[in-house]
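Data block below; observations after.
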Amino acid sequence: MLSFIAKRTLLALSQMLVISAVAFFLLYLSSSGIARTILGEQATEEQVAAKTAELGLDRPLPVRYVEWLLGVFQGDLGRSYFTPQDVSDALISRLPTTLSLLIATTIVAALIAFALGIAAAVYRGWLDRLVQILSIAGYAIPGFLFALLLVIVFAINLGWLPATGYVQLTADPLGWLKTVILPIAALSIGMIAATAQQVRGAVIDVLRQDYVRTLRSRGLSEREIIFKHVLRNASGTGLTVLGLQFVGLLGGAIVVEQIFALPGLGTVAIQYTSRGDIPVVMGLLIITSLIVAVVNLLVDLGVGFLNPKARVA
Amino acid sequence: MSTSDKPETTLHRFLANPLAVVGAIILALIVLSSALASVLAGADPAFSAIRDAFLAPFSAGHPLGTDSAGRDIWARLLYGGQISLLGALLALVVAALIGIPAGLLAGYYGRWFDSVSVWMANLVQSMPGIVVLLAARAVLGPSIWISMLIFGVILSPGFYRVVRTAVINVRGELYVDAAKVSGLRDSAIIGRHILTVVRGPIIIQASLLLGIALAIQSGLEFLGVGDNSVPSWGNMLNEGFRSIYRAPITLLWPSLAIGLTCAALVIIGNGLRDALEERGSSSARRGRRKNVVTATAAMAALPAVDVDALDRDALDEAAPLTRPGVNTADETETIVTAPLADLEFVPEPAWSDSTPLETPEPDPSAVLSVRRLRVGYGSGPHDKTVVHNVSLDVHAGEVLGLVGESGSGKTQTAFAVLGLLPTGGRVTNGSVLFDGDELTTRSRASIRELRGTGIAYIPQEPMSNLDPSFKVGSQLSTPMMRRLGLDKRAARTRALELLDRVGIREPERTYDSYPHEISGGMAQRVLIAGAVSCRPRLLIADEPTTALDVTVQAEVLRLLRELQSEQEMAVILVTHNFGVVADICDRVAVMNKGTIVEQNDVESLFARPRHPYTQTLLGSTLEGGPSRIDLDRAEAEGAHR
């Protein structure tokens, strides 16, 4: 098990290394006159040269990458070009908002998707068809359109929930819940649609297995067979889909944060990228790929836990 | 299926799907109206008149009203469609140009290019597209065309994966090998054979990816980081969102345009998939049937003793006159009388005109008494009867062999008694008395009460009948805890005893193993232990030795016999092997085409088979060679040594 974790961690690290290197070189090679952009049109050549030297932009690119990388390992993501802020401070202060949104959405989506998928597979009939139709709709329509719809209906027309704003989870759990219900609902629809569909398929497959008939022949209750044996054998598929959906969820969170004015990574991303603040962009990329890597590792561990055969690999 | 009618039939199937047709019509309307924007718009999309801001829909000259700058929404929607659709199309073309060739190369040639490209596809897909686009926007500026170009690269694994999978699947096909052998160049093979196969998946994937590209593009513009110099649907959303309190209706139009387009694309994709899959499934079914035939032919070529291996044509040749005719008479009365009755073979109306005998009353002394059992699948005009008028009795301490070819209905009879018929199957007539209780009218839940403790079951294939995710021990002890009310420790102790009893040398180790860690023979012993664990009165064993090695078969049969006499169980042994029957059964019932054609005690049946079908089964020997009975005897005796 430990060697499995070590192997997966190494793989994830190498992937992050490649992503960061490619991004670093592409970003710096395709941007020109950074110092000029920061200082503005009025700055003299001397000022620009001084700024360039100050930012270290006159030194070779590979050297700068290695320096940046060494900094990352010490938790130093550099300094923003446009604000006197450390990139790591700017991003890490926003991280809890985004993470709480992502985790809550994943939990809600997983619970609903599994419930719908299992119910559709076990009962079939009209319930199955309904789940299928909802899945297609949830998959087809972009999540931010759902978000807009929710804002208009529940926040503006009905006034039940605040349209914008955010309360820290630690400060006021109930207030937090009020501010995140709509974002979570908007984000989870697509995830539920995709996952429920796959869980349904996996449960139908497992229900056809010989061992389910044998378990029934032993006189076990249908409830025990479905919630213990079928669920466990079908969860691997569900978990894998949730992991894949999570990457899309990260992107969706950026848009949804903007709609509901949640102070998360998404708002930082939009604010800084439109100014061309490369250190912040690099920090954002590295944090995003770190989150994806952690989620992938968790999914692998979960699948290994559920499926004894996968543990060996 | 010839290649020429392929596209036509797929198209027909697609057009037969109303939802898909609606999707196609909606998409066509959206594309057409965008293309004809200059004709339909009636206003300049960029003409701004602040005085006319937020005009309601159906205002004069503004069918959908105006936005915050007083620009005509209808015109902006039409011209915006041009930009949005072309942008998405650009991403799609880039993705196709990268993904399709890469998938073809990786799938067809494999090797290092395959490993490298899979790794790169994983890498590209591990980043959320919108984050990458934001990063690109930081240095390249807010051009929709540049964004969509980059997004095309991000989407390319979508094409790459489906093409690669399809090519790998088809690469091993015989006709591709034949093309290679006949000296066709690789490029010609790819062009002629491979592209035909991957065309379908590519079109489906294209419709889905186009929807994703449109969604991402409008999402990006909605965020306000897009190119706001052009009227696109995403920009209209952004514009409308800023005045969400003042005029939420301005959000509706671009939302509808994006939502309808995306939904139509997914529906079209699903419709195409269904249309292609229907074709695929019919050809797959044909392929499977071919495999079955080959397997049977291969088995028939061997000196096998299995009835399954007998070719139907050979049977016809062996008994052209006596083979029962087409068995259409549903009410064929096949009566199986008490075991002591002298003559237990009842002629079938299909080959004899004698009137059916009265079916005797259920035998009260039998553990299981089945009368006139009929099992059918489906309902209405398409239902299919797979078991008809089966009557049989099994007494305590007695082993009844249920013998027949594959498809004779013997397993269906067994499942009907267990109440475990597959989906769609049900008992349509007759009665199943277990210890005097009628099972066919009982609820599913109350039949469950009987399973394990009253009726138990040993399956045919050991490895697929243990849940791979749970340890052997818990699969053995849980039913005892539930059904016998044992506590955890007592169930464990008894499970270990049972494992020891069925001849497993290290019970503790097997108890703590997962099914994939034990051999097939051990797994079958575990299943036997599980079946007898709750001391059932009736044991139904469905081909319990078929999947095992010959050496293990004899041991397992001996074990079954011992357990049966120890626990005074009644046993129904479903088999196609007369060797097994001779070895273990007291009586035997021969099934053909869903009915029992003959029943007798083993000695008499082997010595004097009465029904022509039984005679055919037993006696289809080479002229002058030893009879099947002698062969089976010899085999059975050999098994005992």
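Observations on the structure shown:
- B:Gly259 out of contact with any Ser or Thr (no Cβ under 9 Å at 6 or more places or on another chain), outside any loop (DSSP other than H, G, I, E, B) and at pLDDT 85 or above: yes
- Pair list, Cβ under 6 Å, 6 or more apart: the range A:32-54 residue at negative phi, other residue assigned to a loop (DSSP other than H, G, I, E, B) and among the acidic types (Asp, Glu): A:Thr52/A:Asp58
Per-residue answers, yes or no, for (1) part of a helix (DSSP H, G or I); (2) farther than 30 Å from B:Lys384 by Cβ:
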residue	(1), (2)
B:Arg558	yes, yes
B:Glu562	yes, yes
B:Val571	no, no
B:Val574	no, no
B:Val581	yes, no
B:Asn600	no, no
B:Arg610	no, no
B:Tyr613	yes, no
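- When we screen A:Gly251, A:Gly283 for residues that are of a type outside the set (S, T, N, Q) and at the interface with another protein chain (Cβ under 10 Å from one of its Cβ atoms), the only hit is A:Gly251.
- Residues in the range A:196-235 that are small (Gly, Ala, Ser), farther than 25 Å from B:Ser446 by Cβ and surrounded by fewer than 19 Cβ atoms within 10 Å (Cβ to Cβ): 1 in all.
- From the list A:Ala171, A:Ala155, A:Ala193, A:Ala163, the lone residue that is hydrophobic (A, V, I, L, M, F, W, C) and at pLDDT 85 or above is A:Ala193.
- So A:Ile287, is it touching a residue at least 12 places away in the same chain (Cβ under 8 Å) and closer than 25 Å to A:Gly143 by Cα: yes
- Enumerated helices (runs of 4 or more DSSP H) restricted to the range B:91-199, each holding at least 1 residues that are within 33 Å of the chain's Cα centre (by Cα): B:111-125, B:144-171, B:174-181, B:186-189
- Residue match in the range B:579-601 (condition: hydroxyl-bearing (Ser, Thr, Tyr) and under 27 Å from B:Leu476 (Cβ atoms)): no
- Any chance A:Asn307 is open to solvent by 20 Å² or more (accessible area, probe 1.4 Å) and at pLDDT below 85: yes
- Within the set A:Leu187, A:Leu169, A:Leu174, A:Leu239, the sole residue that is open to solvent by 10 Å² or more (accessible area, probe 1.4 Å), more than 28 Å from A:Ile136 (Cβ to Cβ) and under 22 Å from the mean Cα position of the chain (by Cα) turns out to be A:Leu169.
- For the range B:552-576, the set of residues classified as of a type in the set (S, T, N, Q) and surrounded by fewer than 23 Cβ atoms within 10 Å (Cβ to Cβ) consists of B:Gln553, B:Gln564, B:Ser565, B:Gln567, listed by residue number.
- Residue within the range A:40-63 that is within 31 Å of the chain's Cα centre (by Cα), over 26 Å from A:Leu297 (Cα atoms) and away from chain B (no Cβ under 12 Å) present: yes
- Of all residues assigned to the range B:209-222, none qualifies as being open to solvent by less than 60 Å² (accessible area, probe 1.4 Å) and either basic (Lys, Arg) or not in a helix (DSSP H, G or I) (or both).
- Looking across the range B:159-193, the residues that are more than 13 Å from B:Ala96 (Cβ to Cβ) and touching a Leu at 6+ places or on another chain (Cβ under 7 Å) come down to B:Val167, B:Ile190.
- Among the residues listed as B:Ile50, B:Ile25, the single one being open to solvent by 60 Å² or more (accessible area, probe 1.4 Å), farther than 30 Å from B:Leu15 by Cα and either out of contact with any strand residue (DSSP E or B) (no Cβ under 7 Å at 6 or more places or on another chain) or among the basic types (Lys, Arg) (or both): B:Ile50
- Residue-level check: of (1) outside any helix (DSSP H, G or I); (2) under 33 Å from the mean Cα position of the chain (by Cα), B:Ile202 misses just (1).
- With respect to being modelled with pLDDT of 90 or more and either among the β-branched types (Val, Ile, Thr) or assigned to a helix (DSSP H, G or I) (or both), A:Arg94 falls outside the description.
- Verdict on B:Met481 being within 12 Å of chain A (Cβ to nearest Cβ) and closer than 23 Å to B:Ser406 by Cβ: no
- Only one of the listed residues (A:Ala120, A:Ala90, A:Ala113, A:Ala109) is in contact with a Lys or Arg (Cβ under 7 Å, 6 or more places away or on another chain), surrounded by 15 or more Cβ atoms within 10 Å (Cβ to Cβ) and in contact (Cβ under 8 Å) with a residue 24 or more places away in the chain. That residue is A:Ala120.
- When residues in the range A:33-47 are screened for being in a helix (DSSP H, G or I) and farther than 18 Å from A:Arg275 by Cα, 3 of them pass.
- Looking across the range A:204-227 at every residue that is among the hydrophobic types (A, V, I, L, M, F, W, C) and without any contact (Cβ under 8 Å) to a residue 60 or more places away in the chain, the one that is farthest from the other protein chains (Cβ to nearest Cβ) is identified as A:Phe227.
- For the range B:135-165, a residue qualifies if it is away from every other protein chain (no Cβ under 14 Å) and under 18 Å from B:Asn122 (Cα atoms), and the qualifying residues are B:Gly152, B:Ser156, B:Phe159, B:Tyr160, B:Val162, B:Val163, B:Arg164, B:Thr165.
- Any hit, the range A:158-172, residues being more than 13 Å from chain B (Cβ to nearest Cβ), polar (S, T, N, Q) and touching a residue at least 40 places away in the same chain (Cβ under 8 Å): yes
- A count restricted to the range A:256-276 and to residues that are open to solvent by less than 10 Å² (accessible area, probe 1.4 Å) and facing chain B (nearest Cβ under 7 Å) stands at 2.
- Looking only at residues in the range B:15-43 that are assigned to a loop (DSSP other than H, G, I, E, B) and at pLDDT 75 or above, the one that is nearest to B:Ser229 (Cα to Cα) is B:Leu36.
- Only one of the listed residues (B:Arg494, B:Arg489) is surrounded by 17 or more Cβ atoms within 10 Å (Cβ to Cβ), basic (Lys, Arg) and outside any loop (DSSP other than H, G, I, E, B). That residue is B:Arg494.
The values are calculated or read from the model by the stated rules, or taken from the named source; none is laboratory data. Every value quoted in this text rests on a predicted model; they were computed, and no experiment measured them. Here Cβ is always computed from backbone atoms with ideal geometry, including for glycine, and neighbour counts include all displayed protein chains. For accessibility, only protein heavy atoms count, side chains too; no ligands or nucleic acids. Shrake-Rupley method; radii C 1.70, N 1.55, O 1.52, S 1.80 Å.
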